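First the structure, in the form of structure tokens, and then the observations on it.
Every read-out reported here was derived from the displayed coordinates using simple, explicitly stated rules and does not represent laboratory data. Computed from a predicted structure; not experimentally measured. Counting neighbours? That spans all protein chains shown, and the Cβs are built from the backbone with ideal geometry, glycine included.
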Amino acid sequence: MSGGDNLEFEIRPNPAPVGDAERAALLANPGFGRIFTDHMVTIRYADGKGWYEPRVEARAPIPMDPASAVLHYAQEIFEGLKAYTLPDGGVAMFRPDANAARFAQSAQRMAMPPLPVEMFLQSLHEIIEIDRSWLPTSDEGSLYLRPFAYASEVFLGVRPSMEYLYLVIASPVGPYFSGGVKPVSVWVTPDYTRAAPGGTGAAKCGGNYAAGLSAQAEAIENGCDQVVYLDAIERKYIDELGGMNVFFVLDDGSLVTPPLTGTILPGITRDSVIKLAERAGRKVEERPVSLDEWRTGSASGRIREAFACGTAAVITPIGKVRSAADEFVIADGGTGEVTAELRKQLVDIQRGRADDPFGWVHRVL
Ligand SMILES: Cc1ncc(COP(=O)(O)O)c(C=O)c1O
């Protein structure tokens with residue numbers, strides 16, 4: 001057992017871990033979400049019993065009954081965060097307490113039992129510790145951690161499951177967008193919306209992403225990297241991208257980002273950007289921005305920069321916007337100054353290269 005106060009994780013080391021040479025070859029070019037470490041965490045839940053059997057074990061397929069509730073009604077939630085190698089060789093996670101809190105909120109929305117925050121944090125400590133050799137040491141690399149939980153009860157009735165399985169898997173990753181940081185193009189989908197008021201937009205549940213795949217395919221068909229969603233009611237205001245929040249930088253140096261009204265994911269990177277920008281004396285407004293404001297503002301120069309942000313890609317400039325009606329470029333279509341500055345500040349804090357005024361860096365080793 002390690003970490004925590006009273007959570008006894010049973011450790012069952014993988015009897016056949018990947019060898020040093022093979023692991024080094026995999027780490028040389030990990031891509032994103034394709035390779036995985038030797039272990040996983042599992043914790044079970046049953047109504048009346050609570051969370052039990054916390055365990056670290058060899059990563060392996062999960063036996064699943066075809067009537068498991070998740071396969072039918074998609075009662076599932078997940079998180080995504082990264083661990084980094086620090087300059088002194090140690091390892092840290094970025095704001096894992098915020099992911100723990102969001103995981104609990106997602107659970108609440110999906111009628112699932114919340115995993116205690118300490119258990120969530122310790123599960124991450126455990127997998128980092130046992131799979132430490134999988135942490136990339138390169139400048140751009142990190143260990144992506146994927147905690148998730150799903151309804152495991154074998155029952156076809158439509159009601160909250162009485163049993164759940166929580167797991168953590170880990171994947172060494174390079175940059176999210178191949179080719180490094182360069183502006184992305186976004187497609188404003190005319191046909192699909194991501195979330196409506198009262199829906200699950202603010203929860204990190206698998207169903208939100210399943211529902212977004214056709215829109216993302218449409219973006220690719222239209223020559224764009226990512227889909228951008230408009231609000232579900234007026235089809236007028238920018239909500240977010242398929243997997244990232246959006247910011248606009250105005251000509252007075254202030255920032256604008258869509259508000260958290262329940263239809264967008266409350267991004268931890270979004271929150272970090274707001275705090276960093278405000279600390280630098282920039283005004284940050286959380287208010288609706290219409291596609292029309294984005295279009296006319298880009299043409300007039302009122303909107304100088306736009307960027308997307310999220311754990312996977314950190315901060316990525318948006319160079320071009322394409323819709324069914326037209327296409328426009330933000331400034332010269334390159335990476336704006338404020339975007340680059342915020343990205344550098346955030347990455348330097350995450351990787352322990354700069355002061356951490358907000359206490360975001362959570363050292364593990
Ligand atoms: C739909 C969506 N929006 C925004 C984000 C950004 O959230 P975070 O900064 O917490 O990674 C994500 C996840 O990365 C996402 O899936």
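Counting other Cβ atoms within 10 Å, which GluC sites (Glu not before Pro) in segment 124-190 have at most 15 and lie in a DSSP loop?
In loop regions of segment 124-190 (DSSP not H, G, I, E or B), the sparsely surrounded GluC sites (Glu not before Pro) are Glu140.
For the chain, with the dipole built from +1 on Lys and Arg beta-carbon atoms and -1 on Asp and Glu ones, taken about the Cα centre, which of Thr37, Leu121, Gln226 lies farthest toward the positive end?
Gln226
With Kirkwood's inverse mean 1/r over C-alpha pairs for Rh, give me the Rg to Rh ratio of segment 1-143, two decimals please.
Checking Rg against Rh, the ratio lands at 0.97.
Quick one: among Glu305, Glu57, Glu337, which has the greatest mean-square fluctuation in a GNM of the chain with alpha-carbon springs under 10 angstrom?
Glu337
Antiparallel as a % of all DSSP beta bridges within the chain, to the nearest 5?
80
If the only charges are +1 at each Lys and Arg Cβ and -1 at each Asp and Glu Cβ, what is the size of the charge dipole of segment 10-173 around the Cα centre, to the nearest 20 debye?
For this selection, approximately 360 debye.
Test of understanding: in a Gaussian network model of the chain with alpha carbons linked when under 10 Å, which of His72, His125, His39 would top the mean-square fluctuation ranking?
Result: His72 has the largest fluctuation of those listed.
In debye, nearest 20: dipole of segment 92-188 around its Cα centre with unit charges on the Cβ of K, R (+) and D, E (-)?
My answer is approximately 380 debye.
Rounded, prolate or oblate: which one fits segment 112-264, using the alpha carbon gyration tensor with axes a ≥ b ≥ c (rounded when a/c is under 1.5, else prolate when a/b beats b/c, else oblate)?
Verdict is oblate for segment 112-264.
With no solvent and one equal point scatterer placed on each C-alpha of segment 184-349, evaluate the Debye formula and give log10 I(q)/I(0) for q = 0.11, 0.13, 0.18, 0.21 Å⁻¹, two decimals.
Debye output, listed in q order: -0.39, -0.56, -1.13, -1.56.
With a cap of 13 neighbouring Cβ atoms within 10 Å, and only residues DSSP puts in a loop, list the chymotrypsin sites (Phe, Trp or Tyr not before Pro) found in segment 277-365.
Qualifying residues, ordered by number: Phe358.
Where does each of Val227, Val284, Val91 land when they are ranked from fewest to most other beta-carbon atoms within 10 angstrom?
Listing Val227, Val284, Val91 from fewest to most nearby Cβ atoms yields Val284, Val91, Val227.
Take every Cα pair under 8 Å in the chain that's 6+ residues apart, average their separations, divide by the length, and report that relative contact order as a whole percent.
It comes to 18 percent, rounded to a whole number.
Most fluctuating residue of Ser171, Ser106, Ser254 in a GNM of the chain with Cα springs under 10 Å: which is it?
Ser254
Note down the nm distance, to one decimal, between modelled labels 7 Å out along Cα→Cβ at Tyr209 and at Arg279.
2.9
Taking the simple approach of a point 7 Å from Cα along Cα-to-Cβ for both Ala16 and Leu71, what is their distance in nm?
Label-label distance for Ala16 and Leu71, simple model: 2.5 nm.
Among rounded, prolate and oblate, which fits segment 194-243 when a ≥ b ≥ c are the square roots of the eigenvalues of its C-alpha gyration tensor, a/c under 1.5 means rounded, and a/b larger than b/c means prolate?
oblate
Can you give the FRET efficiency to the nearest 0.05 for Thr137 and Asp355, using r as the Cβ-Cβ distance and R₀ = 22 Å?
Working from the Cβ atoms, E equals 0.50.
Considering just Cα atoms, how many Å³ per residue does the convex hull of the chain enclose?
Per-residue hull volume (Cα only) is 142 Å³.
What is the order of Leu121, Leu86, fewest Cβ neighbours within 10 Å to most?
Placing the least packed residue first, the sequence is Leu86, Leu121.
Going through the cross-link list Lys82/Lys182; Lys82/Lys320; Lys236/Lys320, which pairs have a Cα-Cα distance over 26 Å in this structure?
Lys82/Lys320
Among Gly334, Leu27, Gly157, pick out the residue whose Cα is farthest towards the positive end of the charge dipole of the chain, where Lys and Arg carry +1 and Asp and Glu carry -1 on C-beta, about the Cα centre.
Among Gly334, Leu27, Gly157, the one farthest towards the positive end of the dipole of the chain is Gly334.
Placing +1 at every Lys and Arg Cβ and -1 at every Asp and Glu Cβ, with all other atoms neutral, what dipole size does the chain have around its Cα centre, in debye to the nearest 20?
I would put it at about 200 debye.
Just check segment 224-317 against the gyration tensor rule for me: Cα atoms, a ≥ b ≥ c as the square roots of the eigenvalues, rounded for a/c under 1.5, and otherwise prolate or oblate depending on whether a/b exceeds b/c.
Cα axes put segment 224-317 in the rounded bin.
Please identify the longest segment of the chain free of exposed trypsin sites (Lys or Arg not before Pro), where exposed means a DSSP state other than H, G, I, E or B and no more than 15 other Cβ atoms within 10 Å.
Counting at most 15 other Cβ atoms within 10 Å as exposed, the longest clean stretch of the chain is 50-234.
From the gyration tensor of the Cα coordinates in segment 165-233, what semi-axes in whole Å does the equivalent ellipsoid have, largest first, with each one equal to sqrt(5λ)?
Those come to 22, 22, 10 Å.
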